[in-house]
Amino acid sequence: MSTALLAPREALAAPSVRLRGFHPGWYGAVMGTAIIGIIAYQNPGEIGSLAWAGRWFGVAMVGLSALLAVGLGIPYAARWLRHPRDARADLANPVVGALYGTFPGGILVLAVGIATAGPSVFSVGATATLVAVLAAVGIVLAFLVSVAFAAMLFVNAGTDPRAANGGWFIPPVVNIIVPMALMPLAPHVAVADLPMLVAAGYAFWGMGFLLFVLVASLLYDRLVFHPLPEAPLAPSLWIGLGPIGVGSLALLRLGQAGGPLWGNAAPILATASSLAATMLWGFGIWWLAAAIVLLVAYLRRGRLPYGLGWWAFTFPLGAYTASTLAIGRAWHAGWLEAFAVALFVLLVAFWLVVTSGTLAATRSGRIWER
């Protein structure tokens, strides 16, 4: 039967229609799920009685994110093979095109998750191999997506400035995640290869962070001189926490992994990395407050309609939570550890709400509406 003869909701249920319109932002679920596992495995709050439970909860969440990555990765690839015109049209769309960055982002965050929780399940060698494979695939795709989306904006002259939204932070943050996926490999590479690994980490950090600054200036201009984006784009304003959180965390990891390269200067580099990471983390306090204020402003106007964009409430907040936890431990500051625990509780609450919304929308078929 032709889908043209079906009722709208029935037509959306057709597998071919779902594949043709498969949303680029689905991998946000992989990112948002994996980051919970990464944080839980580290036992925020360092409560001894919860250490075992936190560790295995972390393993379970990373495992769930791996299942999501496989299950969602198949239609991602199939859509590009069977419906390349529709896939390219989404990439050229200034509202949804940047969401393709969630695909390499999910792969890279999963690599970090396996590096964190994998040793509880796999051997050290198997864990390193999985991380290396995922990092290699994620790095290539992260670079390609960030260049392709920007090129589409450049070539399609005349993009309305009001189209700028927080989703544009996704390609930058994905490149900033690269050193987080590379640094766990430092103990497993030859001494002669360590400089290349660390240099690549710093290069991708610089690439992603400078792109973040450029996008932040565009979004700031858009928010100041134009009305707020439509309600479905409200969650995207939280994505700014992602580059800030991952950026500060990556600086700490790069400083630690690169220590053997600097000899006697290693403590100086570690201190400088900690200071820079803390300053960047401080900017996140402002961004978090601004995001909360804007969310309240949207809610006062009415309910936010559910969409896959709601996953923007999870990974960015998770990245900032992980950063808070790492900085608190670097400074041996109990109050920062406590703040990280509070953020983690908020993150889990967001994840539960977004997951239930996603399941409900999937059952009803609303998830396939574009």
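Only the coordinates and a few stated rules stand behind these numbers; no lab work does. Bear in mind the structure is a predicted one, so any value in this text is a computation, not a measurement. Ideal geometry is used to build each Cβ from the backbone, glycine not excepted, and the neighbour counts take in all protein chains shown.
At q = 0.10, 0.12, 0.14 Å⁻¹ the log10 of I(q)/I(0) for region 19-361 amounts to -0.56, -0.82, -1.15, computed by Debye summation with a single uniform scatterer per C-alpha, solvent ignored. Multiplying the residue separation of Ser49 and Val133 by 0.36 nm and removing their Cα-Cα distance gives an extension gain of 26.7 nm. Which one of Val353, Gly166, Ala69 has its Cα pushed farthest toward the positive end of the charge dipole of the chain, where Lys and Arg give +1 and Asp and Glu give -1 at the Cβ? Value: Val353.
For region 175-276, the spread of Cα positions along the three principal axes, ordered from largest to smallest, is 53, 24, 17 Å. The residues packed around Glu46, meaning those with a beta-carbon under 9 Å from its beta-carbon, carry a net charge of 0 if Lys and Arg are +1 and Asp and Glu are -1.
Within the chain, which whole H helices from DSSP have a Cα span along their axis of at least 27 Å and a mean Kyte-Doolittle hydropathy of 0.5 or more, if any? TM-like helix candidates: 51-82, 124-155, 194-225, 266-301, 334-364. Sorted ascending by nearby beta carbons within 10 Å, beginning with the fewest, Ser274, Ser146, Ser16 become Ser16, Ser274, Ser146. In the chain, helical runs assigned H by DSSP with n ≥ 4 each contribute -39500 (n - 2.57); averaged across all residues and rounded to the nearest 500, the mean residue ellipticity at 222 nm is -24500 deg cm²/dmol. For an R0 of 30 angstrom, estimate the FRET efficiency from the Cβ-Cβ distance between Leu304 and Leu210 and round to the nearest 0.05. My answer for the efficiency is 0.40. Taking 1.002 mPa s as the viscosity and 20 °C as the temperature, the Stokes-Einstein diffusion coefficient of region 88-244 based on its alpha-carbon Kirkwood radius rounds to 130 µm²/s. Across region 10-53, the volume of the C-alpha convex hull divided among the residues equals 100 Å³ per residue. Counting neighbouring beta carbons within 10 Å and listing from fewest to most, the residues Thr102, Thr314 come out as Thr314, Thr102.
Note on Ala199 and Ile292: the model spin-label points, each 7 Å out from Cα along the C-beta direction, lie 4.4 nm apart.
For the pair Ala148 and Ala78 in one chain, pulling the backbone fully straight at 0.36 nm per residue adds 23.3 nm over the alpha carbon distance.
Over the chain, with a Gaussian network built from C-alpha contacts below 10 Å, which listed residue (Arg329, Arg88, Arg301) shows the highest mean-square fluctuation? With Cα springs under 10 Å in the chain, the top fluctuation among Arg329, Arg88, Arg301 is at Arg301. Of the residues Ala250, Ile35, Pro229, the one whose Cα sits farthest towards the positive end of the charge dipole of the chain is Pro229 (charges of +1 on Lys and Arg Cβ, -1 on Asp and Glu Cβ, taken about the Cα centre). When restricted to Cα atoms, region 298-342 yields an Rg and a Dmax of 14.9, 42 Å, respectively.
Largest GNM mean-square fluctuation across Ala277, Ala322, Ala342, computed for the chain with C-alpha springs under 10 Å, falls on Ala342.
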